[in-house]
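Chemist: The structure is given below, and queries will be raised subsequently.
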Amino acid sequence: MAKRIGVISDTHDNLPDGAFELFCGGWDDERLNRAASQVLRCSRAEGAPTLEDVAGEADGWLDACKVDFVLHAGDVCRQSILDELEAIAPCVAVLGNNDREPLLASDGRVQPFRSLRWEGVEVAMAHIPQDLRRALEGRPPLAPRLVQREPDLAVYGHTHVPDVRIEGAHVLLNPGSPSRGRNGSGHNVALVDVEGGRLARIAIVAV
């Protein structure tokens with residue numbers, strides 16, 4: 001049975017109703033299909049992952065459902081945003097350049113970089129793409145890499161423009177922003193489906 005991650009970034013003090021309802025499972029299949037600008041099937045053969053565009057295929061999308069886990073890639077700007085997301089599902093967030101650490105990291109949970117394993121999938125996350133790259137690659141000899149294992153999914157934000165692509169041995173994902181899209185990208189979040197301990201599908205969804 002598939003598990004679903006809701007990925008969001010750059011809320012900037014505003015969690016739109018559409019994003020909240022999507023993560024709660026309040027959308028129907030038709031609305032979800034209309035709003036999905038990209039639907040990508042993930043597979044991994046000999047090592048490196050691949051992404052295949054399956055938008056429009058009959059089996060290219062799973063039914064609308066509540067997310068099981070939430071990743072927030074920074075610029076939250078208000079603690080209550082995380083409280084709302086936590087009311088839906090467990091949420092892991094990183095600090096963005098507009099976040100105030102005393103407010104969002106008072107319990108130590110919101111940090112500049114997070115590396116975790118969820119349902120068999122290795123995830124790494126930072127707000128700014130350059131910070132994520134440094135965490136994954138390090139800067140020898142002064143700074144070692146921060147992860148012990150190569151992630152399956154690397155998540156970042158900051159640009160407010162959605163992006164999904166392969167970089168090395170992982171899938172690199174930026175969900176865009178649900179409230180402040182840039183460069184005509186609109187307002188977006190991402191959904192990531194995990195099956196059997198592997199990435200199965202990724203979709204960018206307009207909210």
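Chemist: Restricting to region 97-127, and then to whatever is out of contact with any Leu (no Cβ under 9 Å at 6 or more places or on another chain) and closer than 21 Å to residue 161 by Cα, can you tell me which residue is modelled with the lowest pLDDT?
Modeler: Top of the filtered list is 99.
Chemist: Only residues that are among the acidic types (Asp, Glu) and in a helix (DSSP H, G or I): list them for region 73-102, please. Let's see the steps before the verdict.
Modeler: First pass over region 73-102, keeping only residues among the acidic types (Asp, Glu): 75, 83-84, 86, 99, 101.
Result: 83, 84, 86, 101.
Chemist: Take the residues in region 52-71 that are out of contact with any Asp or Glu (no Cβ under 9 Å at 6 or more places or on another chain), of a type outside the set (Lys, Arg) and modelled with pLDDT of 90 or more, then tell me which one is surrounded by the fewest Cβ atoms within 10 Å (Cβ to Cβ). Lay out the reasoning, then the answer.
Modeler: Residues of region 52-71 out of contact with any Asp or Glu (no Cβ under 9 Å at 6 or more places or on another chain): 52-59, 65-67, 71.
Now drop any that are not of a type outside the set (Lys, Arg), which leaves 52-59, 65, 67, 71.
Narrowing the set further to residues that are modelled with pLDDT of 90 or more leaves 65, 67, 71.
Details: 65: 16, 67: 25, 71: 27.
Among residues in region 52-71 that are out of contact with any Asp or Glu (no Cβ under 9 Å at 6 or more places or on another chain), of a type outside the set (Lys, Arg) and modelled with pLDDT of 90 or more, the one surrounded by the fewest Cβ atoms within 10 Å (Cβ to Cβ) is 65.
Chemist: Taking the residues in region 21-44 that are out of contact with any strand residue (DSSP E or B) (no Cβ under 7 Å at 6 or more places or on another chain) and open to solvent by 70 Å² or more (accessible area, probe 1.4 Å) as candidates, determine which candidate is nearest to residue 128 (Cα to Cα).
Modeler: 21
Chemist: Output the residue which, of all residues in region 109-131 that are assigned to a loop (DSSP other than H, G, I, E, B) and touching a residue at least 60 places away in the same chain (Cβ under 8 Å), is surrounded by the most Cβ atoms within 10 Å (Cβ to Cβ).
Modeler: Looking only at region 109-131, we keep the residues that are assigned to a loop (DSSP other than H, G, I, E, B), and these are 109-110, 112, 119-120, 127-128.
Then drop every residue that is not touching a residue at least 60 places away in the same chain (Cβ under 8 Å), which leaves 119-120, 127.
Numbers: 119: 16, 120: 13, 127: 26.
So, considering only residues that are assigned to a loop (DSSP other than H, G, I, E, B) and touching a residue at least 60 places away in the same chain (Cβ under 8 Å), the one surrounded by the most Cβ atoms within 10 Å (Cβ to Cβ) is 127.
Chemist: Could you tell me which of the residues 171, 164, 205, 194 is of a type in the set (Val, Ile, Thr), under 19 Å from residue 27 (Cα atoms) and either open to solvent by 40 Å² or more (accessible area, probe 1.4 Å) or assigned to a strand (DSSP E or B) (or both)?
Modeler: Details: 171 fails: under 19 Å from residue 27 (Cα atoms); 164 fails: under 19 Å from residue 27 (Cα atoms); 194 fails: under 19 Å from residue 27 (Cα atoms).
Answer to the selection: 205.
Chemist: List every residue pair whose Cβ atoms sit under 6 Å apart, with the two residues 6 or more apart in sequence or on different chains, where the first one lies in region 26-39 and is charged (D, E, K, R) and the second, anywhere, is not in a helix (DSSP H, G or I).
Modeler: Cβ pairs passing all conditions: 28/64; 29/63; 29/64.
Chemist: Name the single residue, out of those in region 1-20 being assigned to a loop (DSSP other than H, G, I, E, B) and open to solvent by less than 60 Å² (accessible area, probe 1.4 Å), that is nearest to residue 119 (Cα to Cα).
Modeler: First pass over region 1-20, keeping only residues assigned to a loop (DSSP other than H, G, I, E, B): 1-2, 9-16.
If we keep only those that are open to solvent by less than 60 Å² (accessible area, probe 1.4 Å) too, we end up with 2, 9-12, 15-16.
On the way: 2: 10, 9: 21, 10: 25, 11: 26, 12: 29, 15: 26, 16: 28 Å.
Taking the candidates together, the pick is 2.
The values are calculated or read from the model by the stated rules, or taken from the named source; none is laboratory data. None of the values given here were measured: they were computed from a predicted structure. For neighbour counting, all protein chains shown are included, and Cβ atoms are generated from backbone atoms with ideal geometry for every residue, glycine included. We work out accessible area using only protein heavy atoms, side chains counted, and drop any ligands, DNA or RNA first. Shrake-Rupley method; radii C 1.70, N 1.55, O 1.52, S 1.80 Å.
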